[in-house]
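Every read-out reported here was derived from the displayed coordinates using simple, explicitly stated rules and does not represent laboratory data. Here the structure is a predicted model, which is why all the values come from computation and not from measurement. For neighbour counting, all protein chains shown are included, and Cβ atoms are generated from backbone atoms with ideal geometry for every residue, glycine included.
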Amino acid sequence: MKISDAMVSAINDQIKAEFDSAYIYLAMSAYFEAEGLSGMSHWMTKQHKEEIEHAEKFISYLYRRGARVIIPEIARPRENYTDALEVFRTAYAHEQYITSRIYKLVDMAAAEKDYATQSMLQWFVDEQTEEEDNTGGIVSKLEFFGGDKHGVYVVDRELSAR
Ligand code: OFO
């Protein structure tokens, strides 16, 4: 069954969102490196690479469906933050936003009875649960330490193990 033009366009928009995510996390990595928080920088570099993989998953899916992939322009990400907590709060909010986008795609695929796209999206539904859990968990830890420098150091060391 041919994938609809509307679905191809929505997935192309999501490819852009994934590359934007990758860039946002790369900028967060650069911020942390400049702040001397190499564990957090490392964590964000890994996150950056995961986002590229997400974009690639959507790209290869469109290839498999014989659809045209549009390579998007990537928006320049924010460079500076107040502290580590603000960075992870921003990342957590961003993941919630991405989840809402994935859910909209699922709704669209269901409305079109596009079972192949629904099946492909299930991986992203599960992945978003994990990503919200990861970023939200780091926010909780940093909040627990209440901005204390020792706490930031502890979390930084923990994140170096990702
Ligand atoms: Fe962070 O999961 Fe893709 O965007």
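Can you flag which of Lys16/Lys141; Lys57/Lys104; Lys16/Lys104 are past 24 Å Cα-Cα?
With Cα atoms farther than 24 Å apart: Lys16/Lys141.
Tabulate in residue order the Karplus-calculated ³J(HN,Hα) for the stretch 33-40, using 6.51 cos²θ - 1.76 cosθ + 1.60 with θ = phi - 60°, rounded to whole Hz; enter x for Gly and Pro.
Once θ is set to phi - 60°, the couplings for the stretch 33-40 become 4, 5, 8, x, 9, 6, x, 5 Hz.
Under the Kirkwood approximation applied to all pairs of distinct alpha-carbon atoms, what is the hydrodynamic radius of the stretch 81-132 in Å?
12.0 Å
Helix-only estimate, please: 222 nm mean residue ellipticity of the chain, summing -39500 (n - 2.57) across DSSP H runs of length 4 or more and dividing by its residues, to the nearest 500.
One gets -28000 deg cm²/dmol as the mean residue ellipticity at 222 nm.
Please get the size of the charge dipole for the stretch 5-159, origin at its Cα centre, with Cβ charges of +1 on Lys and Arg and -1 on Asp and Glu, quoted in debye to the nearest 20.
My answer is approximately 360 debye.
Could you tell me the convex hull volume per residue, in Å³, taken over the Cα atoms of the stretch 5-159? Each step should come with its number before you reach the end.
Numbers: hull volume 14.9 nm³, N = 155.
Dividing the Cα hull volume of the stretch 5-159 by its residues yields 96 Å³.
Remind me, relative contact order of the chain in percent, using alpha carbon pairs under 8 angstrom and six or more residues apart?
30 percent
Compute the helix-to-body angle for 115-145: its Cα long axis versus the longest principal axis of the chain, expressed 0 to 90° and rounded to tens.
10 degrees
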